[in-house]
């Protein structure tokens with residue numbers, strides 16, 4: 001493989017990881033909102049600040065690594081990283097619900113046998 005293709009692939013992977021980090025940090029912001037309740041205006045201000053800072057950091061990454069060219073495949077990689085994180089986040093919740101249902105079924109069977 002040529003060094004240029006390898007460089008593009010590395011750039012794609014870095015953009016993909018940026019998407020994962022972006023969504024992970026937003027989850028942290030959502031957790032903070034859950035712990036400390038605040039109004040709609042403050043939520044909107046937090047979102048505006050988050051997206052402004054993140055877009056500047058993403059542009060900086062593209063500027064430093066890709067001479068400032070905004071490449072469609074890099075934005076796609078960020079989006080794919082975000083989507084992967086969101087899908088993987090659902091998996092532990094799914095397993096937890098399955099486990100809870102199994103435990104409930106087991107307890108119900110034990111109670112019925114005692115009667």
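Values quoted throughout were computed directly from the atomic coordinates according to the rules given, and no laboratory measurement underlies them. Computed from a prediction, not measured in an experiment: that's the story for all the values here. FYI the Cβ positions are ideal-geometry reconstructions off the backbone, even for glycines, and counts take in every protein chain you see.
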- request: Just subtract the alpha-carbon distance of residue 88 and residue 105 from 0.36 nm times their residue separation and send over the number in nm, one decimal.
  value: 3.5 nm
task: Kindly express, to the nearest 10 degrees and within the range 0 to 90, the angle between helix 3-35's C-alpha long axis and the longest C-alpha principal axis of the chain.
output: 50 degrees
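Let me know the volume per residue of the alpha-carbon convex hull for the chain, in Å³. Could you put the intermediate results ahead of the total?
Values: hull volume 16.1 nm³, N = 115.
Convex hull volume per residue, Cα atoms: 140 Å³.
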- prompt: If you average the sequence gap of Cα pairs under 8 Å that are 6 or more apart and divide by the length of the chain, what percent do you get for the contact order?
  reply: 44 percent
- line: Helix 40-66 sits off the longest principal axis of the Cα atoms of the chain, rounded to the nearest 10 on a 0 to 90 degree scale, by 50 degrees
- request: Set the Förster radius R0 to 22 Å, insert the Cβ-Cβ distance between residue 65 and residue 27 as r into 1/(1 + (r/R0)^6), and round the FRET efficiency to 0.05.
  value: 0.30
- prompt: When the Cα centres of region 79-110 and region 15-74 are compared, how far apart do they sit, in Å?
  reply: 27 Å
message: Working only with C-alpha atoms, what are the Rg and Dmax values of region 1-48, expressed in angstrom?
response: 17.2, 53
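Of the peptides 97-109, 47-59, 4-16, how do they stack up when ordered by the mean number of other Cβ atoms within 10 Å, highest first?
Working: 97-109: 10.0, 47-59: 12.4, 4-16: 14.1.
Ranked from most to least packed, the peptides come out as 4-16, 47-59, 97-109.
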